[in-house]
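Engineer: First the structure, then my questions, so here it is.
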Amino acid sequence: MLKIRALVPVLMLAAGFLPTLAPAAETVRIDGSSTVYPISEAVAEEFQKAKRGKIRVTVGISGTGGGFKKFCRGETDISDASRPITEKEMKICAEAGIKYVELPVAFDALTVVINPRNTWVKELKVGEMKTMWEPAAQGKVERWSQVNPAWPSAPMKLFGPGADSGTFEYFTEATVGKAKSSRGDFTASEDDNVLVQGVSRDVNALGYFGLAYYVENKDKLKAAPIVNPKTGKAVLPSVESVMDGSYQPLARPIFIYVSDKAMARPEVKEFIEFYLQQATALVKEVGYVPLSPAHYQQAARNFAAKKYGTGFGGHAEVGVKIEELLARESKL
C-alpha cells in the first residue's frame, strides 16, 4: 500500500497531470516576553481562524530581552515586551535602521507566589522583598527568619525569571530600586511554567511572574498579598486591585512593538488592527487586565499614524498611567 501511494505522484507527472499547489500562507512572526505570550497566542489563534489559514502567525518565547535582540536584527515583525524598550536596545534598532510603534496592550499584576502549605507569609512588604532579592542577600539571606524574625528558620528557595525577562527587570526596579539588581543564587527560567512547578513542589519556595500564570495555576499556588507602601494595606493581585490602583508597586503595563518594515505588509497591519479590536475580550480570557476602550482606540490611532518610538525614552518607570504614555512624544 505504501509503495502504491509513493508511486501516485510519479505516475501523475508522467501522464502530464500537475497537481495544483495551494499558495503559501503569509507569515507574521512574533517573539519575546513569556508574560505577553498568552495574549499574543490567543489573538493569533483567533486571527488565524478568521483568516481560514491564509495568514500564519508564529509566537515564540525568548523573554523580553531575547525578543528585542531578534526584533532589532529584523528577524521578527512584532516583539512582545513586559517592560519598555531600553536605551541600549533603542540604539541597536536605530543602527539597524528599524523603527517601531510601541503599543500597550494590557495591565499585568506581577504576582509573588508561595506554596499553598506556607502558613507564615500573611503579607509581603517591599522592604522584605528587597531583603530577599537584593544583591547583598546572595549567600547570606538563606532562611525565612532572616527576612522576618516571626517566620521559621527554614531554608528559603527562590524562583524567578531569567535576566532576559522584562518581568525580572520590572520586579527588581520596583522592589530593590534598580533594574536587574538582584542576587544570582536563585532558580531562574524564561519559562514561567518551570517556576510554577518549582514553587508548587516545595513548601519553602517563593517565586514571581505574571498574573495569568498564577490564575492558570491557582490550585497549585498561593498569591502573597503585597503591602501598598502608600496606604499600608496588604492587597492581593486581581483585575479589580489593578483597575482601582491599589495593587502597587507591582502593577504594570505590558506591550507589543511593531517594526516599520512589517507595518508596510498588509497581513501585519491587519493582524495589529485585529489585536487591538479583540484585546479587551482576549486579555480577560487569559487572566490579565484589559486597558479601557479609549486606550485601545488611542493605541489604534497611534498605529495608523505611524507614531514611531517609545514614550519612555529608554528608561523604565513604576506607576506610569496609560493615557499619559499614549499621549507622550515618542523617541527613537
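The values are calculated or read from the model by the stated rules, or taken from the named source; none is laboratory data. The model shown is predicted, which means the values in this text are computed figures rather than measured ones. Don't worry about glycine lacking a Cβ; one is built from the backbone with ideal geometry, like all the others, and counts go over all protein chains shown. Calculation scope for accessible area: heavy atoms of the full protein, side chains included, ligands and nucleic acids excluded. Shrake-Rupley method; radii C 1.70, N 1.55, O 1.52, S 1.80 Å.
Engineer: Residue check, THR187 against (1) open to solvent by 40 Å² or more (accessible area, probe 1.4 Å); (2) within 21 Å of TYR288 (Cα to Cα); (3) touching a strand residue (DSSP E or B) at 6+ places or on another chain (Cβ under 7 Å), all met but one. Which one?
Structural biologist: It is condition (2) that THR187 fails.
Every residue, every condition in (1) surrounded by fewer than 22 Cβ atoms within 10 Å (Cβ to Cβ); (2) among the hydrophobic types (A, V, I, L, M, F, W, C), yes or no:
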residue: ALA42; (1), (2): yes, yes
residue: VAL57; (1), (2): no, yes
residue: LYS69; (1), (2): yes, no
residue: VAL121; (1), (2): yes, yes
residue: MET129; (1), (2): no, yes
residue: SER145; (1), (2): yes, no
residue: ALA150; (1), (2): yes, yes
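Engineer: Can you tell which of ALA300, ALA304 is among the aliphatic types (A, V, I, L, M) and open to solvent by 70 Å² or more (accessible area, probe 1.4 Å)?
Structural biologist: None of the other options fit; the residue is ALA304.
Engineer: Among (1) open to solvent by less than 50 Å² (accessible area, probe 1.4 Å); (2) under 22 Å from LYS99 (Cβ atoms); (3) at pLDDT 95 or above, where does ARG29 come up short?
Structural biologist: It is condition (1) that ARG29 fails.
Engineer: Of the residues SER241, SER181, SER246, which is closer than 21 Å to VAL320 by Cβ, out of contact with any Gly (no Cβ under 9 Å at 6 or more places or on another chain) and not in a loop (DSSP other than H, G, I, E, B)?
Structural biologist: SER241
Engineer: Looking at the stretch 104-116, is at least one residue over 24 Å from THR35 (Cα atoms) and surrounded by fewer than 19 Cβ atoms within 10 Å (Cβ to Cβ)?
Structural biologist: No, the stretch 104-116 contains no residue that is over 24 Å from THR35 (Cα atoms) and surrounded by fewer than 19 Cβ atoms within 10 Å (Cβ to Cβ).
Engineer: Tally time: how many residues in the stretch 290-332 are closer than 16 Å to ALA106 by Cα, at pLDDT below 90 and aliphatic (A, V, I, L, M)?
Structural biologist: 5
Engineer: Applying the selection to the stretch 218-249, what residues are in contact (Cβ under 8 Å) with a residue 40 or more places away in the chain and open to solvent by less than 20 Å² (accessible area, probe 1.4 Å)?
Structural biologist: LEU221, ALA223, ALA224, ILE226, VAL227, PRO237, SER241, VAL242, TYR247, PRO249
Engineer: Looking at the stretch 75-82, can you tell me whether even one residue there is polar (S, T, N, Q) and surrounded by fewer than 23 Cβ atoms within 10 Å (Cβ to Cβ)?
Structural biologist: no
Engineer: For the stretch 264-273, name all the residues that are assigned to a helix (DSSP H, G or I) and either touching a Ser or Thr at 6+ places or on another chain (Cβ under 9 Å) or closer than 18 Å to THR76 by Cβ (or both).
Structural biologist: The answer is PRO266, GLU267, VAL268, LYS269, GLU270, PHE271, ILE272.
Engineer: Applying the selection to the stretch 280-316, what residues are free of Cβ contacts under 8 Å to residues at least 60 places away in the same chain and assigned to a loop (DSSP other than H, G, I, E, B)?
Structural biologist: SER292, ALA305
Engineer: A follow-up question, please. Cβ-Cβ below 6 Å, separation at least six or inter-chain, first residue in the stretch 50-61 and among the small types (Gly, Ala, Ser), second at pLDDT 95 or above: which pairs?
Structural biologist: Filtered contacts from the stretch 50-61: GLY60/ASP31.
Engineer: Would you pick out the residues in the stretch 148-175 that are at pLDDT 95 or above and either part of a loop (DSSP other than H, G, I, E, B) or farther than 20 Å from VAL113 by Cβ (or both)?
Structural biologist: Within the stretch 148-175, ASN148, PRO149, ALA150, TRP151, PRO152, SER153, ALA154, MET156 meet the criteria.
Engineer: When you scan the stretch 198-217, how many residues do you find that are of a type outside the set (Gly, Ala, Ser) and either under 15 Å from ASP108 (Cβ atoms) or open to solvent by 60 Å² or more (accessible area, probe 1.4 Å) (or both)?
Structural biologist: 8
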